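Trainee: Take a look at the following structure, please.
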Amino acid sequence: MEIGKLIVLTGPSGVGKGTLLRALRRRHPELYVSISVTTRTPREGEVNGKHYYFIDRKQFDNLVAAGDLLEWAEFAGNCYGTLKSQVESHINKGDWVILEIELEGARQIKQTFPEALRIFILPPTFDELEKRIRARGQDTEEAIFRRLERAKEEIAAAGEFDLQIVNDDLEGTLEHIEGALFVPVGC
Ligand code: 5GP
């Protein structure tokens with residue numbers, strides 16, 4: 001059986017990971033993007049089972065206790081995790097699976113899936129990141145503050161990743177990611 005590949009995409013909140021993933025999926029529909037569980041309240045337009053599985057804290061704790069999460073972390077006051085069954089079934093089918101997760105989760109994956117390709121997306125500048133988070137208009141001032149504080153910690157850890165890409169233009173960033181994923185075999 002062909003075994004698939006695991007790709008981890010990490011970067012501070014607001015850096016544009018969601019937009020990049022949507023564009024990647026359009027260009028490569030064979031890529032499977034894992035749907036995480038979270039205790040965060042859905043934002044306007046977010047759909048349960050599409051963007052996340054929205055669950056409460058008790059359900060989340062049960063998943064952790066049962067060992068059903070491949071990785072999990074607390075982020076800006078909410079819990080997020082990757083369902084082990086979802087990733088394993090796709091990997092075993094030979095699919096390429098992408099996890100869009102924060103730093104602590106990416107560190108856990110390095111331990112459990114050392115062969116995963118881990119990519120860190122950086123903003124062009126910190127000011128630009130703050131502007132993007134504010135432009136979303138979806139978070140309270142307190143949530144914005146927490147996300148920016150966390151962003152500083154995450155950016156400081158970018159060097160732990162296999163690849164760092166500055167997202168200053170969507171097309172260029174996509175091509176850079178594609179270059180890392182679809183490395184030509186043999187010569
Ligand atoms: P947001 O609330 O903006 O959707 O996500 C906040 C952060 O949580 C983002 O950095 C996102 O990548 C991360 N995240 C989303 N799902 C998961 C997950 O399953 N595990 C971990 N560790 N982080 C996640």
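Trainee: Could you list, ordered by first residue, the pairs with Cβ atoms under 7 Å in which the first is in the range 4-28 and in a loop (DSSP other than H, G, I, E, B) and within 13 Å of the ligand (Cβ to nearest atom) and the second is among the aromatic types (Phe, Trp, Tyr) and modelled with pLDDT of 95 or more, at least 6 apart or interchain?
Mentor: 11/120
Trainee: Residue 83 fails exactly one of the following numbered conditions: (1) at pLDDT below 95; (2) farther than 22 Å from residue 158 by Cβ; (3) touching a strand residue (DSSP E or B) at 6+ places or on another chain (Cβ under 7 Å). What is the number of that condition?
Mentor: Of (1) at pLDDT below 95; (2) farther than 22 Å from residue 158 by Cβ; (3) touching a strand residue (DSSP E or B) at 6+ places or on another chain (Cβ under 7 Å), only one is false for residue 83: (1).
Trainee: Right, another one. For the range 149-175, which positions are surrounded by 16 or more Cβ atoms within 10 Å (Cβ to Cβ) and either basic (Lys, Arg) or more than 17 Å from the chain's Cα centre (by Cα) (or both)?
Mentor: Listed by number, the list holds a single entry, 150.
Trainee: Here's another thing I want to ask about it. Scan the range 32-49 for residues that are outside any loop (DSSP other than H, G, I, E, B), near the ligand (Cβ under 8 Å from one of its atoms) and of a type outside the set (A, V, I, L, M, F, W, C) and jot them down.
Mentor: 38
Trainee: If we only count strands (runs of 3 or more DSSP E) wholly inside the range 76-156, which ones have 2 or more residues that are closer than 27 Å to residue 59 by Cβ?
Mentor: Those strands (runs of 3 or more DSSP E) span 78-83, 96-100.
Per-residue answers, yes or no, for (1) of a type in the set (Gly, Ala, Ser); (2) touching a Phe, Trp or Tyr at 6+ places or on another chain (Cβ under 7 Å):
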residue: 4; (1), (2): yes, yes
residue: 12; (1), (2): no, no
residue: 16; (1), (2): yes, no
residue: 27; (1), (2): no, no
residue: 31; (1), (2): no, yes
residue: 45; (1), (2): yes, no
residue: 53; (1), (2): no, no
residue: 61; (1), (2): no, no
residue: 80; (1), (2): no, yes
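The values are calculated or read from the model by the stated rules, or taken from the named source; none is laboratory data. Since we're looking at a predicted model, the values are computed, not measured. Note: ideal-geometry Cβ built from the backbone for every residue, glycine included; neighbour counts use all protein chains shown.
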